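Everything below concerns the one structure shown next.
Taken together, the values in this text are just the output of simple stated rules run on the coordinates, not laboratory data. Everything numeric here is computed off the predicted structure, so don't read it as measured data. Don't worry about glycine lacking a Cβ; one is built from the backbone with ideal geometry, like all the others, and counts go over all protein chains shown.
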């Protein structure tokens, strides 16, 4: 019995144009996050670690844009969302209930398109009713950067369903954005950093924040979002 399903159409790795489209979705989330929200979170947990680390701030920002129903400029994460599926490859992810053996995630095994799968999960959450999206997006943000094994489904479900506060940028950004940004990127002693130095510190802090480098999993998405915003502020004045 299929409890939730996400069908993704995507360009192949050898294709010069990077595209993604959403096909059939079965995403029940009336009791949020529901099976639908858990499937979307599981897809993000399974594939987000394969996405370029430099794109993580953009991914976190995208979750908030979709949650609020904002218009999303294309492309995102270097891929363009479209409705046309002609020429695209089909992949399917599911949560299924097996008779006598509980539930299980079924991830696509024939193809590999991590960025497209993650994007499809986020965009699919935007198709849910507005009042259901916040809890589903909390699950998705919690899944970003997951370093555990998705084969340990009990562990993954436990991680996705734990209570998790909404991520938000530090309140100190409101007082002095530049001073806050310098502090976030570990550049507090500088007053006029150039763009190259900002990028260098951003990449260093990003590596340290990522869970596979010792960063806290629960705090990773918030920290990555702060780093991205700090970089944006400093590059705007560099």
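Could you tell me, in Å, what Rg and Dmax come out for the Cα atoms of segment 49-115?
Calculated on Cα positions, Rg and Dmax stand at 15.6, 46 Å.
Sorting 46, 24 on the 10 Å Cβ count, fewest up front, what's the list?
If I rank by nearby Cβ atoms, fewest first, I get 24, 46.
Full extension from residue 71 to residue 200: what is 0.36 nm times the residue separation minus their Cα-Cα distance, to one decimal in nm?
Working it through step by step, the gained length comes to 43.3 nm.
Under 8 Å for C-alpha pairs, at least 6 residues apart: give me the relative contact order for the chain, rounded to a whole percent.
24
For the chain, take the longest principal axis of its alpha carbons; what is the angle in degrees between that and the long axis of helix 56-68, to the nearest 10 within 0 to 90?
60
Which value at 222 nm does the chain reach when only helices count, each DSSP H run of 4 or more adding -39,500 (n - 2.57), with the total divided by all residues and rounded to the nearest 500 deg cm²/dmol?
Helix contribution divided over all residues of the chain: -13500 deg cm²/dmol.
Give me D for the chain in µm² s⁻¹, whole number, from Stokes-Einstein with Rh from the Kirkwood sum over alpha-carbon pairs, 37 °C and 0.692 mPa s.
D = 177 µm²/s.
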